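Colleague: Before I ask anything, let me first share the structure, which is written out below as structure tokens.
The values are calculated or read from the model by the stated rules, or taken from the named source; none is laboratory data. Since the structure is predicted, the reported quantities are computational estimates derived from the model, not experimental observations. Neighbour counts are summed over all protein chains in view; Cβ atoms, including those assigned to glycine, are modelled from backbone coordinates with ideal geometry.
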Amino acid sequence: MKNLDISRKCFLAYFILILLIGFTSGIPFPGKAVAAAGDDFNDNSKDSMKWGADEVDGKGVLKEANQRLEYTTTGIGTASHDSVDRKWRTSQFPYNANWEVQIDVTNTISTGSYSSFGINVRSVRLPNDEIEVELGQDGEFWAEFYGGRRISGADYAVTYGPYNYGAIRMAFDSTTKVFTVYYDTDPSDGYQWIEFGSFGVAGTGGIDGTRNWGLKDTDRFVAYVFGYSQEADRVTSGQLYGDNFQETGEVASIATPIKGEIVPKGTIAYPVTWTTNGISGDVSRAKVYYTFGNSGIWKKASGTVVNPLTRFDWNVPSPDKPKNVKLKVVFKDALGNKLATAVSSAFRIE
Ligand SMILES: [Ca+2]
Ligand SMILES: [Ca+2]
Ligand SMILES: [Ca+2]
């Protein structure tokens, strides 16, 4: 170590710091199927690769300014409402895998009848199936949902308090088909999420509301951030804004073999299936690898890619003893650029 020059020492210190941050904050490491994406809004310029066109009602304006995403209005509030929705383009969110989305929020508006800043999630196929979480006026974290057929509950959840500032999060559980909403009243010391509502969308499970949205495994969601004001005085910079948008929309995942599945050794053409969900490029190739136990050694799997979007028929190896195994699929576009990687749960060959 004594021969290291100063820049290498700095690099090592930086590397260790990054590792510590990764371990303590739960930030996923590269190579996992779940990719974290987001926007810190710090360069005061809309990233059109990440965000779609604004959907504006009335006098609403969304603008990246002062290192955050600010909502303002161009004048005194419209009689019905003013609002802007901005679509997140980077990912679509699966119905058949878990994911979450979050943003820091500030709302100090005190005029008019209501205002809020938050996240709205809609089914791509059935956009009336929608749910939102927001920081509303007078210090309330609020969530509500619509669509499908109502089964039970009041369809909204609310927490009152003097909360002009905080963070909101929405998490989808693909096993129970339940959305859970959370808030944190001070993102400056990290996120300590408090659950304040849950909504079932497949006919069961919501504490605050349950509907049947009629969705299928292949359905996807899309997320929007929005600012909203109703009859308020002119909304000016610093009154209503979001920051640090983050999401873990799953990019790709291996559907079968499932966790713990027993795969007979030596099987010819055992089906390995996957979804490519929100991969933003065009998948035209898939390469499949397997690993035994915790060896960390990935070998090319023998077999046939039936469809790079969905399936590989695997000629299963024949180890002497039963083995725990994982599969990995690497997705590439027509030019050979790597788009995403998915790793299966552990299963067994015997
Ligand atoms: Ca930007
Ligand atoms: Ca920022
Ligand atoms: Ca906190």
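Colleague: Would you say LEU215 is within 16 Å of ligand 2 (Cβ to nearest atom), of a type in the set (A, V, I, L, M) and touching a residue at least 60 places away in the same chain (Cβ under 8 Å)? Break it down into steps so the answer makes sense when it comes.
Modeller: Numbers: within 16 Å of ligand 2 (Cβ to nearest atom): no; of a type in the set (A, V, I, L, M): yes; touching a residue at least 60 places away in the same chain (Cβ under 8 Å): yes.
Here the answer is no, as LEU215 does not meet what is asked.
Colleague: Now for a separate question. If we keep just the residues of region 232-261 that are assigned to a loop (DSSP other than H, G, I, E, B), among the small types (Gly, Ala, Ser) and more than 13 Å from the chain's Cα centre (by Cα), which is farthest from THR341 (Cα to Cα)? Before you say what the answer is, go through the steps one by one.
Modeller: The initial filter retains those residues of region 232-261 that are assigned to a loop (DSSP other than H, G, I, E, B), namely 232-239, 248-249, 251-252, 257-261.
When the remaining residues are screened for being among the small types (Gly, Ala, Ser), the result is 232, 237-238, 249, 252, 260.
Imposing the further condition that a residue be more than 13 Å from the chain's Cα centre (by Cα) reduces the set to 232, 237-238, 260.
Values: ALA232: 47, SER237: 41, GLY238: 40, GLY260: 21 Å.
Taking the candidates together, the pick is ALA232.
Colleague: Just to be sure I understand the filter: pairs with C-beta atoms under 8 Å, separated by 6 or more residues or on different chains, first member in region 187-201 and in the same structural domain as TYR165 (by TED's automatic domain parsing), second member within 16 Å of ligand 2 (Cβ to nearest atom). Which pairs pass?
Modeller: Pairs found: PRO187/ASP104; PRO187/GLY166; PRO187/ALA167; PRO187/ASN244; TYR191/GLN102; TYR191/ALA167.
Colleague: Let me ask something else. Does VAL251 satisfy the criteria of being modelled with pLDDT of 95 or more and crowded, with 19+ Cβ neighbours inside 10 Å? Give the derivation first.
Modeller: Working: modelled with pLDDT of 95 or more: no; crowded, with 19+ Cβ neighbours inside 10 Å: yes.
No, not satisfied.
Colleague: Determine whether ALA301 is within 23 Å of ASN96 (Cα to Cα), surrounded by 15 or more Cβ atoms within 10 Å (Cβ to Cβ) and of a type in the set (Gly, Ala, Ser).
Modeller: Taking the combined requirement at face value, the residue does not satisfy it.
Colleague: Considering only residues of region 160-174 that are surrounded by 18 or more Cβ atoms within 10 Å (Cβ to Cβ) and closer than 22 Å to SER110 by Cα, which is modelled with the lowest pLDDT?
Modeller: TYR163
Colleague: Given the structure, is GLY190 of a type outside the set (Lys, Arg) and crowded, with 17+ Cβ neighbours inside 10 Å? Steps first, please.
Modeller: Values: of a type outside the set (Lys, Arg): yes; crowded, with 17+ Cβ neighbours inside 10 Å: no.
Judged against the criteria, GLY190 is not a match.
Colleague: Can I ask one more? Among the residues of region 209-221, count how many are surrounded by fewer than 20 Cβ atoms within 10 Å (Cβ to Cβ) and at pLDDT 95 or above. I'd like the intermediate steps shown before the answer.
Modeller: As a first pass, look at region 209-221 and keep what is surrounded by fewer than 20 Cβ atoms within 10 Å (Cβ to Cβ): 212, 214, 216-220.
Cutting the leftovers down to at pLDDT 95 or above gives us 212, 214.
Residues that pass the stated criteria total 2.
Colleague: Search region 54-83 for residues being within 16 Å of ligand 1 (Cβ to nearest atom) and buried (at least 23 other Cβ atoms within 10 Å of the Cβ), and hand back the single one that is nearest to PHE41 (Cα to Cα).
Modeller: LEU69
Colleague: Can you tell me which residues in region 96-110 are in contact with a Ser or Thr (Cβ under 9 Å, 6 or more places away or on another chain), outside any strand (DSSP E or B) and at pLDDT 90 or above?
Modeller: ILE109
Colleague: Scan GLY206, GLY197, GLY227 and give me the residue that is modelled with pLDDT of 95 or more and either within 16 Å of ligand 3 (Cβ to nearest atom) or outside any strand (DSSP E or B) (or both). Explain how you work it out, then say what you get.
Modeller: On the way: GLY197 fails: either within 16 Å of ligand 3 (Cβ to nearest atom) or outside any strand (DSSP E or B) (or both); GLY227 fails: either within 16 Å of ligand 3 (Cβ to nearest atom) or outside any strand (DSSP E or B) (or both).
Going through GLY206, GLY197, GLY227 in turn, just one is modelled with pLDDT of 95 or more and either within 16 Å of ligand 3 (Cβ to nearest atom) or outside any strand (DSSP E or B) (or both): GLY206.
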